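Taking it in order: structure first as structure tokens, then the write-up.
The values are calculated or read from the model by the stated rules, or taken from the named source; none is laboratory data. All figures in this text were calculated on a predicted structure; none of them were measured in a lab. Note that we place each Cβ from the backbone using ideal geometry, even for glycine, and neighbour counts take in every protein chain shown.
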Amino acid sequence: MPLTSFHRLLPRDETPVNQNKRIWVLSGGNIQDWYFHNQLHGCVSLRRTIELWALEHDMLTMLLTGRGSLDFSGNPDPDAAQARFESCQPRRRQAYSHRPAATDKNIQPDDETSQRASQARSQVEQDAGGQGRSHINTIQKITNFLKNRGAGGVVLVEDFAFFLDTLQSQDESGNLPREICHTVTREWHREIRPGKLLVFIEPEKEKIEAILPPAQYPDVIYRDTRSPCKDEIREAIERLTARRGVEIHGTSVEIAEALANQEKTLKTALWPVIRNINKGAREVSVNTIMNLPEINEEEVQRILAELNALAGLTEVKEKAALLEGKARRLRRDLEEGRPILQNDTMHLMFIGSPGTGKTMVANIFARLFHALGFLRKDTVRDIRASTVISQYQGESRLNMAQIVEETRGGVLFIDEAHQLGDKESQGTREVISELVPAAWNYRSDLVIILAGYDRFADFFAMDEGLERRFPSQNRILFKDYSLDELWQILLLKLRKLDQTIDPSSERRLRAVLRQRGGRRSFGNAGGVDLLVSELLDNQTRNGRTDRLLTAAEMPPLIRVNQQVLDEAYAEMDRLKGLAPVRSKIENIVNTLRYRLENEEHGIGSGELELHPGNMRFVGPPGTGKTTVGQLIGKILFGLGCVNKPGVMIAGRGTMKGSYIGQSKDRVKEAVNQARDGVLFIDEAHQLAPQLGRGEIGDQYDDEIRGELVRQVTLRENDATVFILAGYQEGIERLLETDPGLTGRVPVEITFPNFSATECRELALELLERDGFTWAADVPERLEQIAASAIFSQGDKFGNARWVKNLLKEGISNLATRIISTGISTGDPTRKQLAAADFLRSEGPVGRAPAVRASSIDESLTPWTPVQDYVILPATSGGQDVSEATRIVAESSHQLLVYINNARGVPTGTGFFVTRDGIMATAGHMLENIDQILHVVCLCGGRDRMPRRARPVLIREDLDLALLAVDVDTPCPAIPLANSLELPALRELVVFGTAHVRPGEPGRFITAQIARNENTNDRDFETAGAMEPGFSGGPVYDPVQGGVVGIVSGGYGESSKIMIRAERLGEMLETVGYRFR
């Protein structure tokens, strides 16, 4: 019997023999489907329909299985078929007892290429072992069959990629699968004879395309298996009903159209017919196979009334009315056999916080769709996305397929579905690969509801088909309940329990609900359930049985943790120089406690405030803003105003994204981590608009400011305290960017500069804490230095930070004095500071007077044409690693130091920062400056002339030095970039000359930011494998396109100290350079 004229794959008027293209690759989602072959054979598998097609034309068929064995069972007589196959194999050569010599004139020496191929094959067989030799023999037999000019035949290769993967796991060398792939391309493809057909049946087409690329092998046919057309379904239904003696009510065309419009495969299309026949039905029709229940109008109205009686959920109720009309229309289309459009599905997305009623509404919708006759069942299968995902390969797909099949006819509710957006997870990819076709194939017999938070961007990026399965009009936002809605839910739950509230206690209970409901952790309706349980527990504990909730049952409004409060106040009292700040905080806390106690005892007035309000800390650096912010977090936690004792600290550097759009997400992340606690935004003045900043920089800051304002105004953040800390002028400019921001941050606390006396007291306290003593004149000396610094630096005075830096210098000078004079460890004066140890008179923090070597030429004058070539880039679009290393390599070189008459010693690395030859390096390489004869820079390697370098400026406190290198023409230089805003884990490129001989090229490593604190304006830390020889090398940021630091110290895998590029810029300004 001939092939059906509606076969979706095989050409009816052609035979396997007369195919011009003799290699086929069949793939796609329907390779496991049934195919209607003809009225004799009916529905068969893809493999079987090809075998039948070949047999109808008297051709031999065989199958190479995914395990590498040959299967002849598709032939009527498998043994005879195998014998025909073996007859195509070449006969073995006769074995000689004596092999003629190669010089015999009748014997030609083997071709060199054939010899190499034979040797390679022998090596492959040896590496693969016995099993591998068996596979090679099988592949070779297929090769011989395809090359044979005799009998025609079809070779089917099933799951070839799996076969190769199996071989790869058995052969570590990879020679065996590689040799087989070469056989496919060199021999199967090139030498397949007319009358032969090679068919790959492969689930993953990409793996065959890697072996036989379509562009390189245009004579290979790649075919995706399609869905069945209505005529194929019709023929299959007619044969099925005829063989089972079942009548068709109406026409088979109507039934086929209905099934073709909703099913993707022939299997699923025929299943409703088979199910009805198996149940004993003697007649099939559109209604019986669709199994649609009648519409129950009375139940529909009852369900809608129940939904509308719920508190809140305004958008849900509006959507329900639209979904009712849509379900009615789709049911009518199904009943009448009209097609359902791709976006016309009932699948839904519920987006919202926990406790907003998503599960409850899913159950209501299931009953509604059943009452409307759209679904066969009114049940809901409720699962979490994480429970479907398995650690074992392939199991996640099976789990999803089983759940879908078991839920058909009802509603599948997948909670926390945003977790399915992880592209790196094999399990989530498997779930999505099963979910996407199922959402389409069963769209008239299943409603899938995805529920989760507003984090579905990654989910939709998993597969482009998800947007069509879950269109925007089917996404419902479940907003957090307002206080009034929560109160209505509370009253409704109590009414169901036959409980009433004493009118005199309503205000108190409402205040408790407001305090708890303002926190994200409350959980909306879930939090109300917990509050009701607490009320009933208190009622039981009090022995009451009258079902009246009085003041005795009310939960406490505040839960004071006195121990935490006492610890916080004690820490506050120990702080120096903050008398006005302590007074302000004490006033704020007392006012808050007054209101809370009044509310607790029922004498409050107005709406209860959860906390004192958002704050702004303004003042110069080093005045304790961050420390006080952390103490505020403890105090508010101790008072029960916030849920978290810790403080989340963020800043422009941590919130600024690497690209436009990312900053908003980082602000959200910071707020989420701080929610129901304290978010302290350090150096907030940096977010204010600044003159001179590039356009991109302004966009980043605009994005941060915009999202920050939005987060401050969200109701879900009512229980979160925002603290903006920074300089007075900058904070004021920040507040001016949004009219509503000042009102949202009402509390201002001013942090004044320390007085000289307070600086002295803090210094002595720190020295005593670390076990140091001091001479009688030290306190007066400290106060004198502080007074001078306060006068000269004004608003830029560093306060506590300045004091700590001053003590570091003094202790360093003490150490030098002790070691040089040889004072023993047992001497009590070994840790006693003298006034002479504090040499500083005045000057900015971190900028001690420049230390110059005695041999320095003080007459350095920058070249006029290159005077402003030290560039501070605003921001750049970023560079790839190859571009970054090229720029750094052109400007970085090895340094040799000649001490006295000794040979030059490689000491480290330097790099040009101006085009007229000013080079930066680490200061410690020139620490014995009096003994250094000269310094040589090996510019460019052994083929370049070494260049003499002389020290220009050395800063021992910064471990930095500037060298003037003798250059004749402008040289490549690296611009300086911003280090203060580098985020944690930012990857940097570092150049050094460790383990290289003089003149050899240096090497690069990558390092990540480990610690970068804005309070430390001297250095930052990285993690990376740096060794001696990297000292003085540039630390380059490809994102900005400039140097952000200079390697100072550290070895191995431990943290490395990098001196900030900003300090290097100050040194360049000192010697007469300017920036542009």
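Scan the range 659-682 for residues that are within 16 Å of residue 702 (Cβ to Cβ) and in contact with a Pro (Cβ under 9 Å, 6 or more places away or on another chain) and jot them down. The one that is within 16 Å of residue 702 (Cβ to Cβ) and in contact with a Pro (Cβ under 9 Å, 6 or more places away or on another chain): 666. The set of residues from the range 740-768 being under 44 Å from the mean Cα position of the chain (by Cα) and either part of a helix (DSSP H, G or I) or more than 17 Å from residue 627 (Cβ to Cβ) (or both) comprises 740, 741, 742, 743, 744, 745, 746, 747, 748, 766.
Within the range 182-201, the set of residues being of a type in the set (A, V, I, L, M, F, W, C) and assigned to a helix (DSSP H, G or I) comprises 184, 188.
Per the listing 592, 608, the residue uniquely part of a helix (DSSP H, G or I), at pLDDT below 85, in the same structural domain as residue 743 (by TED's automatic domain parsing) and within 25 Å of residue 749 (Cβ to Cβ) is 592. The criterion of at least 2 residues that are farther than 29 Å from residue 752 by Cα and at pLDDT below 85 is met, among helices (runs of 4 or more DSSP H) falling completely within the range 646-733, by 695-713. With respect to the stated conditions, residue 451 fails to be of a type in the set (A, V, I, L, M), assigned to a helix (DSSP H, G or I) and at pLDDT 85 or above. How many residues are within 15 Å of residue 650 (Cβ to Cβ), of a type outside the set (Ser, Thr, Tyr) and either buried (at least 20 other Cβ atoms within 10 Å of the Cβ) or touching a strand residue (DSSP E or B) at 6+ places or on another chain (Cβ under 7 Å) (or both) when one looks only at the range 706-737? Qualifying residue count, the range 706-737: 11.
When residue 221 is tested against (1) over 44 Å from the mean Cα position of the chain (by Cα); (2) under 14 Å from residue 21 (Cβ atoms), only condition (1) is not met. Comparison of 984, 977 shows that the only residue that is at pLDDT below 85 and touching a strand residue (DSSP E or B) at 6+ places or on another chain (Cβ under 7 Å) is 984. Among the residues making up the range 424-448, those that are in contact (Cβ under 8 Å) with a residue 12 or more places away in the chain and of a type in the set (Asp, Glu) are 430, 434, 445.
Among all residues of the range 449-460, there is at least one that is β-branched (Val, Ile, Thr) and in the same structural domain as residue 408 (by TED's automatic domain parsing).
Inspection of the range 167-183 finds no residue satisfying the criterion of being surrounded by 19 or more Cβ atoms within 10 Å (Cβ to Cβ) and under 30 Å from residue 38 (Cα atoms). Looking only at the range 612-666, residues that are touching a strand residue (DSSP E or B) at 6+ places or on another chain (Cβ under 8 Å) and among the β-branched types (Val, Ile, Thr) come to 7 in all. If the condition is being part of a loop (DSSP other than H, G, I, E, B) and either in contact with a Pro (Cβ under 8 Å, 6 or more places away or on another chain) or not small (Gly, Ala, Ser) (or both), then the range 422-448 contributes 422, 423, 424, 442, 443, 445, 446. Return the residues of the range 983-1024 that are part of a loop (DSSP other than H, G, I, E, B) and free of Cβ contacts under 8 Å to residues at least 40 places away in the same chain; say none if nothing qualifies. Matches in the range 983-1024: 985, 994, 995, 1013, 1016, 1024.
Could you say whether any residue in the range 283-303 is at pLDDT 80 or above and polar (S, T, N, Q)? Looking for residues that are at pLDDT 80 or above and polar (S, T, N, Q), one finds at least one in the range 283-303, hence yes. Selection over the range 651-669 of residues that are free of Cβ contacts under 8 Å to residues at least 60 places away in the same chain and surrounded by fewer than 22 Cβ atoms within 10 Å (Cβ to Cβ) gives a count of 10. Of the residues contained in the range 265-278, none is found to be assigned to a helix (DSSP H, G or I), among the hydroxyl-bearing types (Ser, Thr, Tyr) and at pLDDT 80 or above.
Would you point out the residue of the range 214-244, among those that are part of a strand (DSSP E or B) and at pLDDT 90 or above, that is surrounded by the fewest Cβ atoms within 10 Å (Cβ to Cβ)?
If we take residues in the range 214-244 being part of a strand (DSSP E or B) and at pLDDT 90 or above, then 221 is surrounded by the fewest Cβ atoms within 10 Å (Cβ to Cβ).
Look at (1) at pLDDT below 85; (2) surrounded by 21 or more Cβ atoms within 10 Å (Cβ to Cβ); (3) more than 27 Å from the chain's Cα centre (by Cα) and you find that residue 628 fails only one, number (1). Taking the criterion of being surrounded by fewer than 17 Cβ atoms within 10 Å (Cβ to Cβ) and not charged (D, E, K, R), the residues of the range 193-213 that qualify are 194, 203, 210, 213.
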